[in-house]
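Have a look at the structure below, then the notes.
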Amino acid sequence: MLETGGPSLDLISFVLPQTGALVEVANPAQPYVLLDATGAVVEPVSEFFAELQACSRPRSGAGRGGGS
């Protein structure tokens, strides 16, 4: 829950450093990877992307009674 009445943050002067990159790759199972500042794949994010991709994909013919 968002609390009010506490000290406010000055987000106007907040600067987020731009390090790393979101890169599109030629893998239909996982079309994007997040790279850190050194160019290495951020594995926890890759696992999250894989879960998202799996959730959006329809299941194969298993359990439909019609074969594959």
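The values are calculated or read from the model by the stated rules, or taken from the named source; none is laboratory data. What you are looking at is a predicted structure, and each value in this text was computed from that prediction instead of being measured. Methodologically, a virtual Cβ is constructed for each residue, glycine included, from the backbone with ideal geometry; neighbour enumeration extends over all protein chains shown. All accessible areas refer to the heavy atoms of the entire protein, side chains included, with ligands and DNA or RNA removed. Shrake-Rupley method; radii C 1.70, N 1.55, O 1.52, S 1.80 Å.
Couple of notes before you dig in:
- When Ser46, Ser60, Ser56, Ser68 are checked against the criterion of being in contact with a Gly (Cβ under 6 Å, 6 or more places away or on another chain) and either surrounded by 10 or more Cβ atoms within 10 Å (Cβ to Cβ) or modelled with pLDDT under 90 (or both), a single residue qualifies: Ser68.
- Candidates in the stretch 8-35 are the residues that are assigned to a loop (DSSP other than H, G, I, E, B) and among the hydroxyl-bearing types (Ser, Thr, Tyr); of these, the one that is least open to solvent (accessible area, probe 1.4 Å) is Ser13.
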